[in-house]
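Structure first, commentary second.
The values are calculated or read from the model by the stated rules, or taken from the named source; none is laboratory data. Since the structure is predicted, the reported quantities are computational estimates derived from the model, not experimental observations. In this analysis, Cβ positions are derived from the backbone assuming ideal geometry, glycine residues included, and neighbour counts consider all displayed protein chains. The accessibility values were calculated without ligands, DNA or RNA, using every heavy atom of the protein model including side chains. Shrake-Rupley method; radii C 1.70, N 1.55, O 1.52, S 1.80 Å.
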Amino acid sequence: MALLVCVTGRDNSKLMAQLRVHLPGVDIREWPEGGNLAEVEFVLAWNAPDSLWQQLPNLKVVQSFGAGVDGIPLSELPPEVRVCRIVDPALADDMAQYVLGHVLAHKLRLPLYYQQQQQQLWRPKRASGGNRVGIMGLGQLGQVVAKKMQQNNFEVIGWSRSEKTLPGISQFWGAEQLHLFASQCDYLVCLLPLTPQTRGILDNTLFQSMPSHGVIINVARGAHINEADLLHALNTEQIAAATLDVFVQEPVAEEHPFWRHPKITMTPHVAALTSMKTAMAQIVSNMKAMQSNEPLSHCVDTTLGY
Ligand code: NAP
Ligand code: GLV
């Protein structure tokens with residue numbers, strides 16, 4: 001039995017060292033030096049190559065190294081393979097601070113004043129009046145973001161797949177209520193998982209439903225946005241601005257029009273970064289649970305995709 005780490009795009013030396021300390025006696029390998037892959041039962045994955053998954057005939061558990069599992073081809077795995085993710089209240093707090101900070105920045109017109117400072121322009125304006133924040137996805141992160149916005153005197157509305165009741169939040173659900181929801185958002189925050197149902201959901205028809213002063217904050221996945229539709233909506237004043245933390249291609253290509261767009265604020269996928277300490281505890285616990293045939297923590301529903 002072996003544990004394979006296939007976490008790409010980062011330096012894994014600390015991760016590998018800590019796994020070896022916390023899981024003594026376990027055969028831990030790092031992709032692409034996987035050895036005989038028939039021995040691998042547990043994979044720790046982030047941005048793993050598509051070619052990996054067919055090479056693991058005895059796979060039992062896939063543990064995502066983050067909150068999202070969209071990098072794992074859930075529908076292609078055998079149904080008995082369990083897929084788990086990181087769930088961390090501190091990560092949710094980071095996300096809530098990021099969203100609050102960016103909503104306030106737009107409300108106070110800071111992106112505009114940064115640009116005017118470069119041109120030595122003195123053009124005072126009252127902060128914008130809109131106070132309603134709409135959150136798409138009221139899961140582990142969305143609910144914490146909602147609470148933080150309420151604590152800061154914003155009105156919160158939410159949209160999710162299933163009907164739910166949350167204190168003080170007007171709730172919308174299902175495809176048929178999406179546009180009614182969007183029409184009421186001064187700030188629309190995307191915190192959905194990326195699934196076949198949510199891919200490209202921020203598109204032209206949604207932007208058309210929003211008020212023209214509406215601001216998009218996408219902190220979920222780049223592929224939730226139809227990028228050409230976003231540019232069109234900003235350029236034709238269907239919506240006012242966007243803050244984007246996630247992109248279809250990361251890092252964003254040098255020639256991408258988002259970099260220089262005056263109505264787009266970009267950050268490099270930093271809204272809520274996985275904590276090594278929490279991740280380590282959850283990986284180790286799930287590995288031990290698999291070995292002793294006990295229930296795993298934070299498994300996703302592979303048929304729903306999240
Ligand atoms: P979660 O707990 O699984 O919650 C997902 C929410 O989305 C649920 O409320 C769910 O509705 C809703 N949803 C799913 N499919 C839907 C659909 N088709 N229509 C409407 N609503 C739908 O997820 P989470 O932990 O909050 O994380 C959300 C995402 O944030 C992750 O998947 C990841 O992509 C992203 N993320 C980004 C960063 C960053 O740094 N930028 C960091 C961490 C996570 P129900 O409640 O009805 O099931
Ligand atoms: C980050 O984007 C995550 O899914 O944890």
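A few comments on the model shown:
- The rule of thumb for compact globular proteins, 2.2 N^0.38 Å, goes into the C-alpha radius of gyration of region 135-265 1.01 times.
- Each stretch of four or more DSSP H residues adds -39500 (n - 2.57); spread over every residue of the chain, this sum gives -8500 deg cm²/dmol at 222 nm.
- Whole-Hz couplings from phi, Karplus 6.51/-1.76/1.60, listed for region 104-114; x for Gly and Pro: 5, 4, 5, 4, 8, 6, 4, x, 5, 5, 4
- A cut-off under 11 angstrom between Cβ atoms defines the neighbours of Lys107, and their net charge, with Lys, Arg +1 and Asp, Glu -1, is +1.
- Averaged over its residues, the chain has an accessible area of 50 Å² per residue, based on protein heavy atoms and a 1.4 Å probe.
- Calculated FRET efficiency, Ser170 to Ala17, Cβ-Cβ distance, R0 = 45 Å: about 0.40 to the nearest 0.05.
- Charge tally in the Cβ shell below 15 Å around Lys125, where Lys, Arg are +1 and Asp, Glu are -1, Lys125 excluded: +4
- Overall, the chain carries a charge dipole of about 1120 debye about its Cα centre when +1 sits on the Cβ of Lys and Arg and -1 on the Cβ of Asp and Glu, all other atoms neutral.
- Across region 245-251, computed HN-Hα scalar couplings (Karplus, 6.51 cos²θ - 1.76 cosθ + 1.60, θ = phi - 60°) run 9, 10, 9, 4, 10, 10, x Hz from first to last residue, x flagging Gly and Pro.
- Loop-located GluC sites (Glu not before Pro) in region 1-62, at most 11 other Cβ atoms within 10 Å (DSSP): Glu33
- Just the protein heavy atoms count here, and of the accessible area of the chain at 1.4 Å, carbon and sulfur take up 52 percent.
- Extents of the chain, largest first, come to 65, 43, 32 Å (Cα atoms, principal axes, whole angstrom).
- Placing +1 on the Cβ of every Lys and Arg and -1 on the Cβ of every Asp and Glu, with no other charges, gives region 5-116 a dipole of roughly 460 debye about its Cα centre.
- Which of Ala223, Tyr113, Val252, positive extreme of dipole for the chain (C-beta unit charges): Tyr113
- Restraint check, Lys147/Lys263; Lys107/Lys164; Lys14/Lys288, Cα-Cα greater than 22 Å: Lys147/Lys263; Lys107/Lys164
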